[in-house]
Amino acid sequence: MKWIDIKAGFKDFWNEFKNVKFGLFGLILLFIFILAVFLNPYIVPFPEASSRWRDITYWEDNPVSAPPVWVNWFSSTKRAPSLIIREHTFSEEKMRKMKLTRTIFEYEYSYDLPPLDVIFHGYAKGSPVIMLNIERPDGRIVELVRRPISKSDGKIVRISIAKDTRIESYNFGAKYESPEQNRIIREMVKPTSILFSEAKEGILVHPTPLKGAYKIIAEIILPSETDVVEDVYLSLSGSVSGWLGTDNSKRDIWSGVVAGVKWALLIGLLTAFTAVSIGVIYGVMSAYLGGWRDSLMQRIFELFVGIPLLPVLIVMSAIFKPSIWILIIMMSCFFWVGPVKTVRSMGLQIKEETYIEAARALGSSSSRIIFKHMVPLLIPYSFASMALYVPSAIVYEASISLLGLGDSTIVTWGQILHDALTGGAVINGLWWWVIPPGLFIALMGMTFAFIGFAMDKILHPKLRTR
Amino acid sequence: MYWKYCIKRIIYGLAIFIVLIFIYSALFNTTMESTLRSQIEEEIHAETMRLDTRMTPEELTRYINERREFKQHLYHLDKPIWKRIVWRALNVLSLNFGKATIIRSSAGESDVWTIIAECLPRTVLLFTTAIFINIILGLWLGIKKAQKAGELLDKTTSIGTMIVYGMPSWWLGMLVIMFFAYTIRIFPSGGLHSIPPPTGLAYYTDLFYHMTLPVLTLVIIGFWGSAFLIRNIVLSILQEDYIMAARTRGIPERKVLYGHAMRTAAPPIVTMALLSLLASVGGNIIFEGIFSWPGLGNLYWISIEQNDIPVLMGNLFVTTALYIGGLVILDLIYGFLDPRIKVGGKQ
């Protein structure tokens, strides 16, 4: 087959394919998925999710198990979303050798549920003292924390209001709370819910939100000239966070799910391609060679048919703990049996064609006849079955990951679901953790099913609807 | 001759099973032996605890070494590797799977075969019920689709088939549990029956009540596919010449469909039903774990969690036997329904 024939054949195929609406829809979906892989850094807030999925420091500013931001659109109680505030006003005073700087962050609070945490970040050198205060819309200023930094050559300072200001917030709240209502234990207080509430009776027990402009003021004393605190910013862990919420280890699910697209495509396409290629060549060889070779190849094929795939993959994964590449190879080793039967019967038909006889009469070798004259005719069929094997490969990997046997250096949808299952997402109704990864598996499966069924429809005109 | 074909097919299935068992034994030999060795050490340790305490340290070491040698001889660990593999494969073929390290059967026994035999019927019950309902619904929808191929119902349900094509059943199971068991709380979240299990007739109603959610999930995922396949089978038969001949003779459409078309369609549909049952064993079995349905699939979960290698391996052997048995039965039924198959070969 010459290149020009392949081109013409492809053109004909495409002309037919264009008419199958769901096939086109599948192609569009596939295009979107591929786009998501390439645009990954631009569409997710945590672009390193794929490589640092199990690195807790990468996620520490996120809230725990927070629902997605868009639940606010459907709910009457508005929750504060996660936010990073970098803008600030800066002023400094000099007192002999010492320096006093004031950094003011402004936060417009107009929600019913406060953020879970407000975290101050900075990079400190020398031995500065950081004092954090909050100025509320009602004019009250609460002194929150005073943190001296021991002499350092530069380290990251992280002050979390939820963790480090329990006592100060409690004391502030206790001033307004009536004594008989004041039964709350000091260790149980949520500082942010006190600081973002009206200063009146009930502030500790049933707080009413105080909306308006808050100022978070960081006063920093720098004892010597060389001391600095730079790169300051404030991050708020909202009570809603990100497009798909967070899980119980503070990971952003949207970032994880998008990182999984790449791996799903890789697993699906690579497995389907290898397996179907092996299967088609095996089937054609079996058909063409015939005789005892055919019988032997058929016996080997039947042996593989007798293997229950998922159980064997599970046991092999449990015992050998394979990486994702080994898993792909393992799956290819079992998936190739799929197309063999059909290909063999097609090959038996092609074998009888006169041009094959002619090629043989001219003295072509078996490999030349198989690869040059028989396999190209099966290419359309191969592509159709490849498309239909992609979803199964993805589901098998996901099933193995669901059991906790996945490759722990990457993040796949199955692994997110495994974490969801072990993290009690089903019992606690954390739907934003359970639905998206599975939905993406289903969507990816649907994409390739659309493409595969469309090709199938073109290849088997008998079942075409009249 | 049908029975000759049967015997041939069964022997052939057995041969495949035996070969596979040998392959498994060779493949997982190292792991299984290391488990066995640690089990031996544990047994010896337990024995020394019961011993006379007045033994000198030398005597004790000698005793331990003796026992170790004896036990290693007992389990053939002192033989060359190929002999160990053959011994293990033969052991498996005589249903001697060894002892579980942690998992116990409901009666407290640690024999792997007892544990698996307890789970086996539950898996069969769950999946056969689901496939049965699947096929009934699939037949109903598939015939409708084939009769009106290309019309709205056919097109929309075909798209439904493609939508669920790559959907993992266990994920749908998670959603179903979240909704039915924890949000509106009308079904139990899992298990085989309530604790303590009721007696008499109530036991069975309780069992069905617990089976509802898993079966529902399997049916929602499965019946689209069977409807689509049945549609294709029936449609290709409806395009045959003899159907057209029957129609021209003025035979009513109902009779053409059920009398002529469905008779030809029966063998492939039965095959399809059994194949989907096998596909459940081969690809869907861990679904049980989501519903804590205590079958073979759930046993995979538990044995991996507890790192119980003997149970894991025994489970694999039994699943393979089940799978190959299914394939053999499939061929037998097919040969019975379609006489052309069993003649086969060169005459």
Response to the item:
Residue set B:ILE11, B:ILE7, B:ILE23; condition of a type in the set (A, V, I, L, M), within 11 Å of chain A (Cβ to nearest Cβ) and surrounded by fewer than 19 Cβ atoms within 10 Å (Cβ to Cβ); output residue B:ILE23
Discussion item. For region A:388-409, which positions are buried (at least 20 other Cβ atoms within 10 Å of the Cβ) and farther than 16 Å from A:ILE441 by Cβ?
Written reply: A:LEU405, A:ASP407
Discussion item. Looking for something crowded, with 16+ Cβ neighbours inside 10 Å, aromatic (Phe, Trp, Tyr), at the interface with another protein chain (Cβ under 9 Å from one of its Cβ atoms) and assigned to a loop (DSSP other than H, G, I, E, B) - is there at least one such residue anywhere in region B:156-165?
Written reply: yes
Item to complete: From B:LEU175, B:LEU152, grab the single residue that is open to solvent by 30 Å² or more (accessible area, probe 1.4 Å), farther than 19 Å from B:SER280 by Cα, among the hydrophobic types (A, V, I, L, M, F, W, C) and more than 8 Å from every other protein chain (Cβ to nearest Cβ).
Response: B:LEU152
Practice prompt. Please specify each residue of region A:316-333 satisfying the condition of being farther than 27 Å from A:HIS460 by Cβ and open to solvent by less than 60 Å² (accessible area, probe 1.4 Å).
Written response: A:MET316, A:SER317, A:ALA318, A:ILE319, A:PRO322, A:SER323, A:ILE324, A:LEU327, A:ILE328, A:MET330
Item to complete: Among residues belonging to region A:273-307 that are of a type in the set (Ser, Thr, Tyr) and over 34 Å from the mean Cα position of the chain (by Cα), point out the one that is surrounded by the most Cβ atoms within 10 Å (Cβ to Cβ).
Response: A:SER286
Discussion item. For region B:26-45: of the residues being touching a Lys or Arg at 6+ places or on another chain (Cβ under 9 Å) and open to solvent by 60 Å² or more (accessible area, probe 1.4 Å), which is farthest from the other protein chains (Cβ to nearest Cβ)?
Written reply: B:GLU43
Item to complete: Please find, among B:ILE115, B:ILE103, B:ILE131, the residue that is buried (at least 17 other Cβ atoms within 10 Å of the Cβ) and closer than 30 Å to B:THR271 by Cα.
Response: B:ILE131
Worksheet item: Can you name the number of the only condition in (1) at the interface with chain A (Cβ under 9 Å from one of its Cβ atoms); (2) over 22 Å from B:THR101 (Cα atoms) that B:ILE329 fails?
Response: (1)
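Condition check ((1) in contact with a strand residue (DSSP E or B) (Cβ under 6 Å, 6 or more places away or on another chain); (2) closer than 27 Å to B:SER280 by Cβ; (3) within 11 Å of another protein chain (Cβ to nearest Cβ); (4) of a type in the set (Asp, Glu)) across all residues:
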residue: A:HIS373; (1), (2), (3), (4): no, no, no, no
residue: A:LEU377; (1), (2), (3), (4): no, no, no, no
residue: A:ALA420; (1), (2), (3), (4): no, yes, yes, no
residue: A:ASN428; (1), (2), (3), (4): no, no, yes, no
residue: A:ILE435; (1), (2), (3), (4): no, yes, yes, no
residue: A:PHE440; (1), (2), (3), (4): no, yes, yes, no
Response to the item:
Turns out the helices (runs of 4 or more DSSP H) fully within region A:367-466 with at least 3 residues that are at pLDDT 90 or above are A:379-402, A:413-422, A:431-459
Worksheet item: Out of region A:291-341, which residues are at the interface with chain B (Cβ under 10 Å from one of its Cβ atoms) and of a type in the set (Ser, Thr, Tyr)?
Response: A:SER317
Fill in: Matching residues, region B:21-52, being without any contact (Cβ under 8 Å) to a residue 60 or more places away in the chain and either touching a strand residue (DSSP E or B) at 6+ places or on another chain (Cβ under 9 Å) or within 23 Å of B:ILE324 (Cβ to Cβ) (or both)
B:ILE23, B:ALA26, B:LEU27, B:ASN29
Worksheet entry | Within region A:23-60, tally of residues that are open to solvent by 30 Å² or more (accessible area, probe 1.4 Å) and touching an Asp or Glu at 6+ places or on another chain (Cβ under 8 Å) | 3
Discussion item. I need a count of the residues in region A:334-360 that are open to solvent by 70 Å² or more (accessible area, probe 1.4 Å) and of a type in the set (Lys, Arg).
Written reply: 2
Fill in: In region A:379-418, the residues that are facing chain B (nearest Cβ under 8 Å) and free of Cβ contacts under 8 Å to residues at least 24 places away in the same chain
A:LEU402, A:GLY404, A:LEU417
Worksheet item: For B:ARG62, all conditions in the list (1) over 17 Å from B:LEU316 (Cβ atoms); (2) open to solvent by less than 60 Å² (accessible area, probe 1.4 Å) hold save one; what is the number of the exception?
Response: (2)
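To keep it simple, each residue is scored yes or no on (1) open to solvent by less than 20 Å² (accessible area, probe 1.4 Å); (2) in contact with a Phe, Trp or Tyr (Cβ under 6 Å, 6 or more places away or on another chain); (3) within 11 Å of chain A (Cβ to nearest Cβ); (4) not small (Gly, Ala, Ser).
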position	(1), (2), (3), (4)
B:VAL234	yes, no, yes, yes
B:THR248	no, no, no, yes
B:TRP293	yes, no, no, yes
B:LEU299	yes, no, yes, yes
Worksheet item: Quick check: is even one residue across region A:237-257 among the acidic types (Asp, Glu), part of a loop (DSSP other than H, G, I, E, B) and not assigned by TED's automatic domain parsing to the domain that holds A:ILE84?
Response: yes
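The values are calculated or read from the model by the stated rules, or taken from the named source; none is laboratory data. Bear in mind that the values here come from a model prediction, so they are computed numbers and not experimental data. Methodologically, a virtual Cβ is constructed for each residue, glycine included, from the backbone with ideal geometry; neighbour enumeration extends over all protein chains shown. Calculation scope for accessible area: heavy atoms of the full protein, side chains included, ligands and nucleic acids excluded. Shrake-Rupley method; radii C 1.70, N 1.55, O 1.52, S 1.80 Å.
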